[in-house]
1. Can you pull a Stokes-Einstein diffusion coefficient for region 1-149 at 37 °C (0.692 mPa s), Rh from Kirkwood over Cα pairs, as a whole number of µm²/s?
2. Find how much the distance from residue 198 to residue 222 grows on full extension, using 0.36 nm per residue of separation minus their present alpha carbon separation; answer in nm with one decimal.
3. At a threshold of 8 angstrom on Cα-Cα distance, excluding pairs fewer than six apart, so keeping six or more, what relative contact order does region 53-165 reach in percent?
4. What does the C-alpha gyration tensor say about the overall shape of region 279-337? Classify as rounded when a/c is under 1.5, otherwise prolate if a/b is larger than b/c, or oblate.
5. Could you work out [θ]222 nm for the chain from helices alone, using -39500 (n - 2.57) per DSSP H run of at least four and dividing by all its residues? Round to the nearest 500 deg cm²/dmol.
6. For region 141-214, what does the alpha-carbon gyration tensor say about shape, rounded, prolate or oblate, given a ≥ b ≥ c as the root eigenvalues, a/c under 1.5 as rounded, and a/b over b/c as prolate?
7. Quote the FRET efficiency, to the nearest 0.05, computed for residue 151 versus residue 56 with a Förster distance R0 of 45 Å and r equal to the Cβ-Cβ distance.
8. When only Cα pairs under 8 Å and 6 or more residues apart are kept, what is the percent relative contact order across the chain?
């Protein structure tokens, strides 16, 4: 069955598990809405709330709740794009920087050619906080899936096959090649930087202002319809225009977990999303997969244990009662295990 570990009492065992994974495994992270706190409020059970409203025929209320959810993400994003200082945004960005720095150190330290110098972050978050954080790491190739070939009209098309590319640096004086570390960001549910155009997804970063009080149902629906994202409702895969992209990304997630020697580190994700939960459970039949879940609170440990009952390749790492594992503590735990520059 799934094993439980206390981040304080079992620190040595946790360190050995994760250190071994970083040295010899394909590294993947699954990041949920808890990672973007305090800039963005955790999604919680918003999908179930909206689905219940639709089921009860309360269409107007469901659309309004969806608007509130989207506007809660777009608001902090507007401040980010306008480069307006915001303490909550800054805190979340610094947390993401800590994680990206650790990933860069791990990839830079890899000397074997058997494992690619790549890591993948899968996320259901729409916000652009991690993209802003990645700007601080010019030596790390950040891949968000868009074809950024020269284009006079700045038209960048999203293409999932880009996540399978490697980047090599060739010396101009000596005959050598060096693989450039790559961090792939795979936004399974879409992003605020996505725009639908016919049968393509284009890169489009823009601000959207909140609707005035008392806006009509049509105005709310039009606002919601601007986003090229999987909306938080259980019928989300009935969105015909975006089906193909989301299916491709879920397939990448599934295939990644089926690889030999793979670790999936989870933070801020509750596995309420049924599609991702089902794929993850099926993938655990692969004995070479290790699932390392960081639980925010002590009470949530049992929830994760029950979700993955019967799988001995699942570890749930939680805090002592009365404490929590926020992003800062999570990153610090990972950082302690990563190779430092003097060790390279």
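Bear in mind these aren't lab numbers, they're just calculated from the coordinates by the rules spelled out. Here the structure is a predicted model, which is why all the values come from computation and not from measurement. Note: ideal-geometry Cβ built from the backbone for every residue, glycine included; neighbour counts use all protein chains shown.
1. Details: Rh = 18.3 Å.
For the chosen part, D equals 180 µm²/s.
2. Values: separation 24, 0.36 × 24 = 8.64 nm, distance 1.71 nm.
Difference between extended and current length: 6.9 nm.
3. Working: 61 pairs, mean separation 23.0, N = 113.
Over region 53-165, the number comes to 20 percent.
4. Working: a/c = 2.91, a/b = 1.49, b/c = 1.95.
Because a/c hits 1.5 or more and a/b fails to exceed b/c, region 279-337 counts as oblate.
5. Values: 10 runs with 132 residues, N = 344.
Computed ellipticity for the chain at 222 nm equals -12000 deg cm²/dmol.
6. Details: a/c = 2.79, a/b = 2.48, b/c = 1.12.
It is prolate, given that a/c is not under 1.5 and a/b is the larger ratio.
7. Numbers: r = 46 Å, r/R0 = 1.03.
FRET efficiency, residue 151 to residue 56: 0.45.
8. Numbers: 558 pairs, mean separation 92.2, N = 344.
After rounding, I find 27 percent.
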